[in-house]
Structure formats: structure tokens, C-alpha cells
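To start, the structure under review is shown below, and the notes come after it.
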Amino acid sequence: MNTYQPHRSSLGGLDANIMALLCYLVTFVGGLIPVVKYVAWLLPLVIVFLEKESGLVKFHAMQAFVLNLISFVVTVIIAILTVVGTGAAVAAGSAAATFGVLGVLGTVSLAISIAILVFSIIAMVKSYGYQVYNIPLIGGIAQALVSKFPPANIQG
């Protein structure tokens, strides 16, 4: 696990750990606002492109973006499966199958949401401590993507 020395972000002069933490927090809070939730998952990507100095901020912004992108894709897939599965169960005339489809997909959706929330909280705590925390399966993707957009003057 990489640990950075305390430094400032090039965005607003905030401490880099605060900016890295905000990458996760802003998308979570933005996701709760009705109209903003459709674009909130893009906010960390904007930070990736605007941050000029902090590798810590760039990494956590990219990881927050990838995490939220995957969450968005999974939500769309579950919505499609819900419509298709419920439609098939209704067409078959089985109320039990309809509730079964809704129950299974609801449980899967809840489990994924809880996992994303837990990993986001862990990443926020680690980022506040100037640490790089690779969320399983997502951290490696974020590392590979952020290496394509290195900061001009790496701090830390």
C-alpha cells in the first residue's frame, strides 16, 4: 500500500487527502439528489483531468469514477433483468415467480449496494490518511487508467 506525504492538491489549494476523500463523498451525496444523480458519477473523472499535481488525488478520483461507473452499469443490468424476468413471470401467469424474480434481484441489488458503500467508506478513510487503497477488482483498473494521465509534478 502506497502512502503519500501530506501535500496540497492543485484544485483549490485543498489538502490532497481532503480532495481525495471528496471524490467518493461528492458522488455519494450527488447520487442522492434527484437530477444530479444522473451525472454525479462523472464528477471524479472531471477531477482526474483537472488535477495537475497530486498522484493521490488522481488515483482516488479515477477509482471513484470506475466504482461509480460499474455501479451504474450493474444498476442498468438489474433494471433490465427485472423488467424481463417480471414480464416472463407475468406471461407465465405465476405470481409466485414474479415475486421470486423481484426478491432475488432486489437481494442482489442490495448486496451490491452495500458492498460498494463499504468499499467507498474504506477508501475514504484510507485516502484521508494519504494512502492508496485498491478496492478489489476495481483498484487495478483505476491504477491502469490513471497511469495514462500522470500528474505533471507528482507530489508525495
Restricting attention to region 117-139, does a residue exist that is under 30 Å from ALA88 (Cα atoms), under 20 Å from the mean Cα position of the chain (by Cα) and in contact (Cβ under 8 Å) with a residue 24 or more places away in the chain? no
Just checking, does region 71-91 include any residue being small (Gly, Ala, Ser) and open to solvent by 80 Å² or more (accessible area, probe 1.4 Å)? yes
Is there a residue being in contact with a Lys or Arg (Cβ under 9 Å, 6 or more places away or on another chain), modelled with pLDDT under 95 and either buried (at least 17 other Cβ atoms within 10 Å of the Cβ) or farther than 21 Å from LEU22 by Cα (or both) anywhere in region 109-132? yes
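Please pick out the residue among LEU45, LEU67 that is at pLDDT 90 or above and within 28 Å of GLY106 (Cβ to Cβ).
On the way: LEU45 fails: within 28 Å of GLY106 (Cβ to Cβ).
Exactly one of LEU45, LEU67 is at pLDDT 90 or above and within 28 Å of GLY106 (Cβ to Cβ), namely LEU67.
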Just the residues that are in contact with a Leu (Cβ under 8 Å, 6 or more places away or on another chain) and open to solvent by less than 50 Å² (accessible area, probe 1.4 Å), please, taken from region 49-59. GLU51, VAL57
Among the residues of region 13-33, is any open to solvent by less than 40 Å² (accessible area, probe 1.4 Å), under 26 Å from SER127 (Cβ atoms), outside any helix (DSSP H, G or I) and not acidic (Asp, Glu)? yes
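Please enumerate the residues belonging to region 11-47 that are polar (S, T, N, Q) and touching a residue at least 60 places away in the same chain (Cβ under 8 Å). Even if it seems obvious, please write down each step before you answer.
The first filter runs over region 11-47 and keeps only residues polar (S, T, N, Q), leaving 17, 27.
Correct list: ASN17 only.
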Quick one: count up the residues across region 34-47 that are open to solvent by 10 Å² or more (accessible area, probe 1.4 Å) and assigned to a helix (DSSP H, G or I). 9
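Go over the candidates LYS58, LYS52 one by one and state the one that is closer than 19 Å to GLY129 by Cβ, basic (Lys, Arg) and either in contact with a Phe, Trp or Tyr (Cβ under 7 Å, 6 or more places away or on another chain) or in contact (Cβ under 8 Å) with a residue 24 or more places away in the chain (or both). Give the steps one after another, and end with the answer.
Values: LYS52 fails: closer than 19 Å to GLY129 by Cβ.
Within the list LYS58, LYS52, the selection yields LYS58.
The values are calculated or read from the model by the stated rules, or taken from the named source; none is laboratory data. Model, not experiment: these values are computed from the prediction. Every residue, glycine as well, gets a Cβ built from its backbone with ideal geometry; the counts of neighbours run over all protein chains shown. What goes into the accessible areas is simple: the full protein's heavy atoms, side chains included, and nothing from ligands, DNA or RNA. Shrake-Rupley method; radii C 1.70, N 1.55, O 1.52, S 1.80 Å.
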